[in-house]
1. Determine which member of the set Pro85, Pro13, Pro45, Pro9 is touching an Asp or Glu at 6+ places or on another chain (Cβ under 7 Å) and not basic (Lys, Arg).
2. If you go through segment 114-124 one residue at a time, do you hit one that is touching a Lys or Arg at 6+ places or on another chain (Cβ under 9 Å), closer than 17 Å to Ala23 by Cβ, in contact (Cβ under 8 Å) with a residue 60 or more places away in the chain and not aromatic (Phe, Trp, Tyr)?
3. Out of all the residues in segment 83-104, which are without any contact (Cβ under 8 Å) to a residue 12 or more places away in the chain and on the phi < 0 side of the Ramachandran plot?
4. Restricting attention to segment 6-39, report how many residues are more than 30 Å from Glu97 (Cα to Cα), open to solvent by 70 Å² or more (accessible area, probe 1.4 Å) and in contact (Cβ under 8 Å) with a residue 60 or more places away in the chain.
5. Can you work out which of the residues in segment 83-117 that are over 27 Å from Arg127 (Cα atoms) and not in a strand (DSSP E or B) is least open to solvent (accessible area, probe 1.4 Å)?
6. Does Val58 meet the test of being in a strand (DSSP E or B) and touching a residue at least 40 places away in the same chain (Cβ under 8 Å)?
7. When segment 88-136 is examined, which residues are found to be more than 20 Å from Leu10 (Cα to Cα), modelled with pLDDT of 95 or more and among the β-branched types (Val, Ile, Thr)?
8. How many of the residues making up segment 44-74 are open to solvent by less than 50 Å² (accessible area, probe 1.4 Å), within 17 Å of Thr118 (Cα to Cα) and not hydroxyl-bearing (Ser, Thr, Tyr)?
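The values are calculated or read from the model by the stated rules, or taken from the named source; none is laboratory data. Please read all numbers here as calculations on a predicted model, not as lab measurements. FYI the Cβ positions are ideal-geometry reconstructions off the backbone, even for glycines, and counts take in every protein chain you see. Just the protein is used for accessible areas: all its heavy atoms, side chains included, with ligands, DNA and RNA removed. Shrake-Rupley method; radii C 1.70, N 1.55, O 1.52, S 1.80 Å.
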Amino acid sequence: MRPGDELRPLEIPVTRTLIVAGAVASRDYQDVHHDPEAARAKGSPDVFMNILTTNGLVGRYITDHFGPTAVLRRVAIRLGAPNHPGDTMVLRGTVEEVDGDTAVVRVTGENGIGRHVTGTVTVTVPRRAPVPPGGAA
């Protein structure tokens, strides 16, 4: 990993089930995350994704790219345009800094109405220990 490396984009279909399941899993029972009528009454066209679900998807994006040994050290995100059912969020990342086994990755997520998420993720990817000659892997 080197500064400037770009991660492969990840398309995430934003379904009503994803929004509701993410809210329930994170114990966010705000009605705007599961009740379309309540969301409309509060000025939204439909239910929308909560920040904890977005945070989890950003973490998944990074660990999917760097592999099962990757350790998230810091995730700092900010939300923008809401994710509504029927849209697709596309996550993109660029390595900004590298210090040994640790990198800072700039992450953005776009949907059909704009930028849903921006932020940085600090991730450590432990190097594999070299296998001695004749040793087991």
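1. Numbers: Pro13 fails: touching an Asp or Glu at 6+ places or on another chain (Cβ under 7 Å); Pro45 fails: touching an Asp or Glu at 6+ places or on another chain (Cβ under 7 Å); Pro9 fails: touching an Asp or Glu at 6+ places or on another chain (Cβ under 7 Å).
Going through Pro85, Pro13, Pro45, Pro9 in turn, just one is touching an Asp or Glu at 6+ places or on another chain (Cβ under 7 Å) and not basic (Lys, Arg): Pro85.
2. We begin by selecting, within segment 114-124, every residue touching a Lys or Arg at 6+ places or on another chain (Cβ under 9 Å); these are 117-124.
Next cut, closer than 17 Å to Ala23 by Cβ only: 117.
Within this subset, residues satisfying the condition of being in contact (Cβ under 8 Å) with a residue 60 or more places away in the chain are 117.
Checking the rest, the ones that are also not aromatic (Phe, Trp, Tyr) come to 117.
Yes, the conditions are met somewhere in segment 114-124.
3. Asp99
4. As a first pass, look at segment 6-39 and keep what is more than 30 Å from Glu97 (Cα to Cα): 14-39.
From what's left, open to solvent by 70 Å² or more (accessible area, probe 1.4 Å): 16-17, 24-25, 27, 29-30, 34, 37.
Still in the list and also in contact (Cβ under 8 Å) with a residue 60 or more places away in the chain: 16.
The qualifying residues number 1.
5. Within segment 83-117, the first condition is being over 27 Å from Arg127 (Cα atoms), and the residues that meet it are 83-90, 109-117.
Applying the additional criterion that residues be not in a strand (DSSP E or B) yields 83-86, 112-113.
Numbers: Asn83: 0, His84: 31, Pro85: 34, Gly86: 76, Gly112: 65, Ile113: 110 Å².
For segment 83-117, the residue satisfying everything is Asn83.
6. Numbers: in a strand (DSSP E or B): no; touching a residue at least 40 places away in the same chain (Cβ under 8 Å): yes.
For Val58, the condition - in a strand (DSSP E or B) and touching a residue at least 40 places away in the same chain (Cβ under 8 Å) - is not met.
7. Selection gives Val98, Thr102, Thr124.
8. The total comes to 7.
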